[in-house]
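For reference, the structure is listed below as structure tokens.
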Amino acid sequence: MDNQRLFLLVALALVMLLIWTTWQQDYGPAPATQTAAETPVESAPPATGTAPTTDTTPQAAAPEREPGRDGDASAFTDADVVHVQTDLFEIAIPLQGGNIRGARLRQYTVSEDDPALFRLLRPADPLFVAQSGMVADGGAAPDHNARWQAAAEQYTLDAGQDVLEVPIRWQSPDGVTVTRRYVFERDSYVVRVVQEVENASASDWRAYQYSQLRRTPQTEGPGFLGAASYTGGVIYSPSEKYEKVSFGDMEDENLSRDITDGWLAMIQHYFLAAWVPPREENLRYYSRVDDGEYVLGQSSPWQTVAAGETGRFENRLFVGPKEQDRLAKVAPGLDLTVDYGWLTIISKPLFIALSWIHDVVGNWGWSIILLTLGIKLVFYKLSETSYRSMARMRKLQPEMQKLRERYGDDKQQMNQELMQLYKKEKVNPLGGCLPILIQIPVFIALYWVLLESVELRQAPWILWIKDLSVRDPYFVLPLLMGATMFLQQKLNPAPMDPIQQKIMMGLPFIFTVFFMFFPAGLVLYWVTNNSLSILQQWIITRRIEAGDKKADA
């Protein structure tokens with residue numbers, strides 16, 4: 001029995017170490033990163049032999065243009081930055097490059113204590129920007145360092161307006177004009193990026209488009225057993241499905257792969273940015289490291305725009321939270337960026353159940369409590385077996401202590417006598433441990449759900465719990481957890497080994513210290529689970545004792 005207890009103790013310690021390492025990776029001090037100044041490096045894979053050599057690109061319907069926004073070509077003037085505000089975004093588009101280098105999410109703040117809007121895309125600390133450009137075959141084309149002109153410096157999605165279009169323009173000396181349109185829609189984190197080419201030159205113009213994400217690392221990477229909230233690149237293809245392209249992978253070798261109906265993303269805790277190209281278009285996916293900056297991108301097929309004709313390139317950029325319902329509607333597999341780790345098969349149903357409960361009760365804290373109750377009901381029989389075994393072991397403790405005193409110097413003989421006692425009393429010494437071990441994967445899976453689901457970020461419960469994704473500010477829940485764990489220790493049979501007795505009695509204190517730094521939602525689950533376990537164990541123990549009294553009578 002003592003050995004089984006020790007085994008269970010080691011298993012629980014590993015779980016705690018895993019969670020502690022993950023928490024430190026996510027919320028501990030981030031290492032300082034140096035952001036190199038961006039230089040006019042080659043924007044995408046070289047034209048020769050790396051991008052598909054198709055001369056045509058699938059054409060999509062042009063977006064509806066907002067009346068009066070474009071104006072004449074002369075209306076496009078120099079500016080420094082174009083500012084865009086929608087119901088979900090505050091966007092900054094510097095005209096040196098013409099790309100989104102700043103994106104604040106209006107539905108999310110930095111923290112409960114910091115009301116500033118959360119900034120996902122930023123030019124530094126750490127660098128995280130979305131870029132798009134073109135590479136021409138022998139002619140001029142606007143890359144991600146080109147200078148653009150804008151029709152206005154401020155755009156706002158007004159009340160009653162569902163679509164906002166922001167045009168910027170680039171012109172070459174030989175008559176090629178590229179108009180890039182950022183199309184924003186109400187209640188959407190997807191930005192359509194449409195580039196229209198007007199070839200007023202005397203010769204054909206041949207080019208391809210590239211779209212890429214550029215960033216510097218924010219964390220050191222995976223922690224114990226790889227259990228850290230992943231920050232890095234991701235690509236998706238119908239054949240390979242979801243595939244991580246970590247910063248280390250980018251350093252080891254450059255990615256170069258042709259993918260149709262895929263997408264790419266840079267993800268981090270709770271948020272991501274992703275390029276989602278048009279369907280049925282074959283693109284070259286690539287990666288590169290430029291002076292400590294990691295680039296993950298895609299380049300389109302070649303397209304030729306004849307003299308006097310027009311051409312068109314299009315892509316979609318998702319910049320926002322990992323809200324699974326939204327992600328699933330944008331592209332197949334994009335919801336997989338909510339990374340539940342190696343227990344996704346358990347975590348996903350738990351999140352679905354938690355979301356369903358939340359739709360009914362409207363509070364994530366009460367949803368966690370009700371979900372915990374549901375999990376306890378699912379494992380009721382296993383728990384009952386465990387508690388019955390513990391109750392019988394507790395009843396046998398006087399006899400076991402006598403055997404220990406009698407055969408203390410003869411371990412082999414004592415073990416034989418113990419096995420005979422177990423057989424006589426029909427007690428399985430593993431019965432109290434194995435059911436608990438079986439439930440540990442569910443606990444870890446629920447931990448990932450509570451840690452990775454942006455829906456719980458800054459979600460309040462009651463009174464002082466204003467954010468279930470961060471620690472309890474007054475440590476009330478961790479102290480309650482320690483108290484419930486201490487009560488459980490009193491209900492369980494104590495180990496015969498004095499050293500193990502001291503270790504087991506110290507566990508509530510150790511776990512309390514650990515849980516002081518864990519998300520309040522996870523501690524709430526543990527407190528609820530312990531409280532229900534105490535109630536169930538107390539009822540089962542009383543039933544066994546009452547049955548024994550009847551048998552003796």
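The values are calculated or read from the model by the stated rules, or taken from the named source; none is laboratory data. On a predicted model such as this, the values are computed, not experimentally measured, just so you know. FYI the Cβ positions are ideal-geometry reconstructions off the backbone, even for glycines, and counts take in every protein chain you see. These area figures cover heavy atoms from the full protein model, side chains too; ligands, DNA and RNA do not enter into them. Shrake-Rupley method; radii C 1.70, N 1.55, O 1.52, S 1.80 Å.
A few notes on this one:
- Within the accessible area of the range 198-299, the carbon and sulfur atoms contribute 43%, probe 1.4 Å, all protein chains present.
- Scaled to the globular estimate 2.2 N^0.38 Å, the Cα spread of the range 89-186, given as radius of gyration, is 1.26.
- Unsatisfied cross-links (Cα-Cα over 21 Å) in the set Lys322/Lys376; Lys329/Lys466; Lys376/Lys466; Lys348/Lys381; Lys241/Lys348: Lys322/Lys376; Lys329/Lys466; Lys376/Lys466; Lys348/Lys381
- Taken along its three principal axes, the alpha carbon spread of the range 302-353 comes to 58, 18, 14 Å, from the longest extent down to the shortest.
- Taking only protein heavy atoms and a 1.4 Å probe, the accessible area of the range 97-163 is 42% carbon and sulfur.
- As a rough guide to protection, the peptides 198-211, 337-350 ranked by mean Cβ packing within 10 Å, highest first, stand as 198-211, 337-350.
- R0 of 35 Å, Cβ-Cβ distance Lys329-Asp174: FRET efficiency to nearest 0.05: 0.25
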